[in-house]
1. Can you work out the Karplus-derived ³J(HN,Hα) for every residue in the stretch 201-212? Use 6.51 cos²θ - 1.76 cosθ + 1.60 with θ = phi - 60°, whole Hz, and x for glycine or proline.
2. Mind putting a number on the dipole of the chain about its Cα centre? Charges go on the C-beta only, +1 for Lys and Arg and -1 for Asp and Glu, and I need it in Debye to the nearest 20.
3. So what is Rg over Rh here for the chain, counting just Cα atoms and using Kirkwood for Rh?
4. Which residue, Thr127, Ile168, Tyr42, has the largest displacement toward the positive end of the dipole of the chain when charges sit on each Cβ (Lys, Arg +1; Asp, Glu -1)?
5. Just want the answer: with Cβ charges of +1 for Lys and Arg and -1 for Asp and Glu, which residue in Asn211, Asn109, Ile24 is farthest toward the dipole's positive end in the chain?
6. Please find, in a Gaussian network model of the chain (springs between Cα atoms separated by less than 10 Å), the residue of Thr135, Thr89, Thr161 whose mean-square fluctuation is greatest.
7. Take the residue pairs Lys79/Lys183; Lys79/Lys137; Lys79/Lys181; Lys137/Lys188; Lys137/Lys214; Lys36/Lys214 and return only those whose Cα atoms are more than 30 Å apart.
8. In debye to the nearest 20, how big a dipole does the stretch 59-162 give about its Cα centre with +1 on each Lys and Arg Cβ and -1 on each Asp and Glu Cβ?
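Please treat every number below as a calculation from the coordinates, not as lab data. Just so you know, these numbers come straight off a predicted model, no measurement behind them. Note: ideal-geometry Cβ built from the backbone for every residue, glycine included; neighbour counts use all protein chains shown.
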Amino acid sequence: MAKEMKTPERLLRVPFCPGCGHGIFVRLMQEVIEEKGLSERYISAVGVGCSSNSIGATYGGNIVEAHHGRAPSVTRAMKALRPNCFVWTYQGDGDAYAIGMLETIHAANADAPISVFVINNNNYGMTGGQSAPTTLKGQVTTTSPYGHDGNPIDIIPQLMTYEHVGYIARGTVTSAAEIRKLKGYIRKAVDMQMNENKYSFVEILSPCPTNWHKSPIEACNWINEVVTQKFPLGEFRG
Ligand SMILES: Cc1ncc(C[n+]2csc(CCOP(=O)(O)OP(=O)(O)O)c2C)c(N)n1
Ligand code: SF4
Ligand SMILES: [Mg+2]
């Protein structure tokens, strides 16, 4: 029989929209933290965005809301003070690659022993679906009603230039198989920090059906057929 989660009722209270990928990530992270016996020994800094909604759903560890984009810097300080804790960020693509790009780059370049998890849903979800640095060329958003005319930024080729970075992967939540794969990436990111004292990074391509004006299934299909062309999935380091 599958192991029962200790906090299902709290997870059920997480206020994400139906079909959103955020809740799947929160669930996976909780499972991995439990599996690895880190329930009483983790600290995380959450970005400003729909990830902020998770704070009420997590338990046993210390969660802080970082200033917008600053979660990697906040967690670097946490790790320095609590080296035995698993320390991680949970950010959106706008948080990590727009206002927080500086922190994202410097934490990786410094090989800071933290784990960075970024939900990439190709827009600013929480504030109503504006264009983000990850918005695809031609994508319709509330700030690009005739189609976005910029080019999306893929952070992974940049992170790959830092030879010392321990683990880099991109997963998604569009099927049971992909979710299982993503859970493996999360486990490896945790291990890289806790066993090797090195930086790890996992980006998660995630549906935002509300702002994409798609059904959950259409949103997953769009990720599989279109988004992954620009943001390829897989393990790139580690
Ligand atoms: C300093 C500052 N600038 C702008 C905002 C408005 N704001 C709140 S969340 C957000 C972006 C959220 O997008 P993302 O990080 O991609 O997270 P998502 O909600 O899509 O998961 C912005 C711009 C803010 N709260 N603080
Ligand atoms: S607005 Fe988008 S990212 Fe935010 S909870 Fe709803 S579906 Fe998820
Ligand atoms: Mg986003």
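1. Working through the residues one at a time gives 9, 9, 9, 10, 6, 9, x, 10, x, 4, 7, 7 Hz.
2. On the way: 22 positive and 21 negative charges, 78 e Å.
Charge dipole, the chain, about its Cα centre: 380 debye, nearest 20.
3. Details: Rg = 16.5 Å, Rh = 17.6 Å.
My calculation of the ratio gives 0.94.
4. Ranked along the dipole, the leading option is Tyr42.
5. Farthest towards the positive pole: Ile24.
6. Answer for the Gaussian network model of the chain: Thr161.
7. Numbers: Lys79/Lys183 23 Å; Lys79/Lys137 38 Å; Lys79/Lys181 27 Å; Lys137/Lys188 32 Å; Lys137/Lys214 18 Å; Lys36/Lys214 36 Å.
With Cα atoms farther than 30 Å apart: Lys79/Lys137; Lys137/Lys188; Lys36/Lys214.
8. Details: 5 positive and 7 negative charges, 51 e Å.
The calculated dipole for the stretch 59-162 is roughly 240 debye.
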